[in-house]
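For reference, the structure discussed in these notes is given below.
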């Protein structure tokens, strides 16, 4: 990613709060500001989507629901067309079809984020399986 220098004028209050928060998170004010801008624009473009998690592991999620990648993962497991899958997921959860569509639209605009999360989850599942198999072998 190419970076360019940009100048902003911030109020003293904004600068102070940004600096304090950056210090608490252990990041530079510039890094925090960049994250806030990207996440803020994403939230404006996809109402109902928020970001959760620690500084080093942020993830998109529904404000009152699961992570976006989890919704997409479950939709992939279901059969049928898009609307059929959305209706099925809505019937098995407390999610409104509108929320599911919001998550799906976010995922369509940010496929790398969703794929990275899904791959990490698959790796964790496989690691857990391997550990369980090793435990069983130890006790055999």
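Every number in this text was worked out from the coordinates using simple rules, so none of it is lab data. Everything numeric in this text was worked out from a predicted model, so none of it was measured. We place every Cβ from the backbone using ideal geometry, glycine too, and count neighbours over all the protein chains shown.
Can you compute the helix-only [θ] at 222 nm over the chain? Use -39500 (n - 2.57) per DSSP H run of at least 4 residues, normalise by all residues, nearest 500 deg cm²/dmol.
Calculated from helices alone, the mean residue ellipticity at 222 nm is -22000 deg cm²/dmol.
Gain in length, residue 108 to residue 35, computed as 0.36 nm per residue apart minus the alpha-carbon separation, to one decimal in nm? Show your work: numbers first, answer last.
Values: separation 73, 0.36 × 73 = 26.28 nm, distance 2.02 nm.
Computed gain between residue 108 and residue 35 is 24.3 nm.
Using alpha-carbon pairs under 8 Å, 6+ residues apart, how would you state the relative contact order of the chain in percent?
Normalised by residue count, the contact order of the chain is 15 percent.
When the chain is fully extended, how far beyond the present Cα-Cα distance does residue 7 get from residue 92, taking 0.36 nm per residue of separation?
25.7 nm
Where does segment 85-134 land on Rg(C-alpha)/(2.2 N^0.38 Å)?
After normalising by residue count via 2.2 N^0.38 Å, the value is 1.52.
May I have the extent of the alpha carbons of segment 22-102 along their three principal axes, as whole Å values ordered from largest to smallest?
Each principal axis gives a Cα extent; for segment 22-102 these are 47, 20, 19 Å.
Over segment 71-131, what is the relative contact order in whole percent, taking alpha-carbon pairs under 8 Å and six or more residues apart?
Relative contact order here is 29 percent.
Based on other C-beta atoms within 10 Å, arrange 5, 28, 11 from fewest to most.
5, 11, 28
Fewest to most neighbouring Cβ within 10 Å: what's the order for 8, 106?
8, 106
Please work out the C-alpha center-to-center distance from segment 83-140 to segment 1-71 and express it in whole Å.
Between the Cα centre of segment 83-140 and that of segment 1-71, the gap is 24 Å.
Once both labels are modelled 7 Å past Cα along the beta-carbon direction, what's the residue 122-residue 14 spacing in nm?
4.2
Taking neighbour Cβ counts within 10 Å as the exposure measure, how do 38, 71, 86 sort from fewest upward?
So the residues, fewest neighbours to most, are 38, 86, 71.
Counting residues in the chain as N, plug N into 2.2 N^0.38 Å and put the Cα Rg over that result.
1.36
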